[in-house]
Amino acid sequence: MQELETMEEGDRDEQEDEYKTPPFGLINYEPIPEVVRARREEEVRKMQAVLMDTFEAFGVAVKPAGIEHSSDVTRYKFVLPVGKSMLSVIRLKNEIMAATQNFRVNVIAPIPGTTSFGVELENSEPEDVNFRELILSSDFTNPLLRLPVAFGRDIAGKPFVIDVTEMGHLLIGSAIGMGKSVCINNILLSFLYKFSPAQLKFVLLDLKSVEMDVYKASPHLGMPIAKDPLSAVRCLKLVVREVKHRYDMFRCEGVTHVEAYNRSVYESHLTAGKFGRVASCSSEDGGPLREKPHHLPYIIVVINELAEIMMQAKDEVESLFDDIAADAPAAGIYLIATTQLPRRRVVTESVRHAFPSRIALRVTEKRESRILLDADGAENLMEHGDALYRGVEMNCGMTRFHAAMVSFDEIANVVRFCSCQRTQNFVNHACDPAIWHRERSSSKGAEAGLDGALYDRCVRLVIEERKASTSLLQRRFSLGYGCAAKMIDMMEERGVISPPMGAARIREVFIR
């Protein structure tokens, strides 16, 4: 069996010397004028005085303990006098909203790890978080971080950078249009700016069909982008096989994780004068191991819209997640999934177990926040990139940050720069584009069976409700928009419903 990361043996050293990461100038940067910065600082000082007057008016004489200013939110910190309860300030949330004329108010009492409390207010003039500043920061370039991701800036305005090797598998959830794609772009761009195609590979499962097309020419791709549930399940099976095969290789080398294995390969190169040598043991299934590769790259698997595959093949996907969850990180393989339906039918207990780290952007209900974070709070976030992170490494703490926005043109320029240096190399026979499309075509019968069962349920619902819309199917069956639209199109083609009529786009149901 050949692996996702296999490269051509011949001129790897020469290629590595030639490869250059993208220049920072491909990401635009516009510094904030000093006049604007001074005006914002003055507004912050005035707002702090308003808050202190409000607390004093209601008998709570607080003392200022500092101000933390981020792109969209400012946190005003105060200390209560001895004998006063934190509840005394929590109860004043409505009064704070009235005094500050700010309807986005969040009272944190106490701030975890301190004796102070905080009042978070939305800034009157939001600032953009610049991605270029983040990847130039010492937080991102820190050599101790193995897989750094520059997400944005935290509530104190500091770069929010996470090492994926510490974070583990990540689930990102929110309502529609709140910034999941922004987070995914930050992750992928961080890796494009940090690693060559030989050091890291992407496996992209884009079940929303179009959001990841900008990366389709990237030489970091380990296989073609999967755009339907059956192809996505097939990719996950390949990932499981790769995890098992890497463990066979670790066992032969006497190591337990990918970093130790790559270090052993490097030492072998120094002593033997070459990378490749034939392994002296067999895999667990009794088959011979192939020739030892140069280097095992990290593999990042991104699932864009978890709900699509959960609705089509829930049991199989949960089983694959169970196989990947515990063993994949040591093998250098990490899962990142997004969903715009953070509900129990999608984010099951198996999914929660497989993805110990979570990012929640704004959601519509408290229960969705609890499903993602095991706590309230995500329902009070602002729109477009405001997020809460709860990581497995944080001992149940949470960090609020605002994601950096990168334009489509900037992403395309970075991918184009990478692709000009390397061509895509789907060496694995299972990832070869011709075989990929041939196998996908041969699986249409199985796909029809999956769609048929779901289609029958959708038809029954439409007949019972006497109305048809994509939103109805999305709500009842937790479908993504693409799947729901496909069901509506099939019903129209088969004469179950009429085409949309009038300005309201109402459809008539013909069958009773």
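Structure values in brief
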read-out	value
Meets criteria (closer than 30 Å to D72 by Cα and assigned to a helix (DSSP H, G or I)) for R358	no
Condition broken by A375, with the remaining ones in (1) out of contact with any Asp or Glu (no Cβ under 6 Å at 6 or more places or on another chain); (2) in contact (Cβ under 8 Å) with a residue 40 or more places away in the chain; (3) assigned to a loop (DSSP other than H, G, I, E, B) satisfied	(2)
Test for L473: is it surrounded by 11 or more Cβ atoms within 10 Å (Cβ to Cβ), touching a residue at least 40 places away in the same chain (Cβ under 8 Å) and either assigned to a helix (DSSP H, G or I) or not assigned by TED's automatic domain parsing to the domain that holds V210 (or both)	no
Matching entry among T338, T399, T348 (being more than 20 Å from G157 (Cα to Cα) and touching a residue at least 40 places away in the same chain (Cβ under 8 Å))	T338
Qualifying residue in segment 396-415 (condition: assigned to a loop (DSSP other than H, G, I, E, B) and of a type in the set (S, T, Y))	yes
Residue ID - farthest from F191 (Cα to Cα), chosen from residues in segment 1-42 that are at pLDDT 90 or above and outside any loop (DSSP other than H, G, I, E, B)	G25
Test result for L189, crowded, with 22+ Cβ neighbours inside 10 Å, touching a helix residue (DSSP H, G or I) at 6+ places or on another chain (Cβ under 9 Å) and in contact (Cβ under 8 Å) with a residue 40 or more places away in the chain	yes
Complete set of residues in segment 43-83 that are at pLDDT 90 or above and either of a type in the set (S, T, N, Q) or outside the structural domain of T100 (by TED's automatic domain parsing) (or both)	Q48, T54, T74
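The values are calculated or read from the model by the stated rules, or taken from the named source; none is laboratory data. Please read all numbers here as calculations on a predicted model, not as lab measurements. Because the Cβ atoms are built from the backbone with ideal geometry, glycine has one as well, and the counts that use them run over all protein chains shown.
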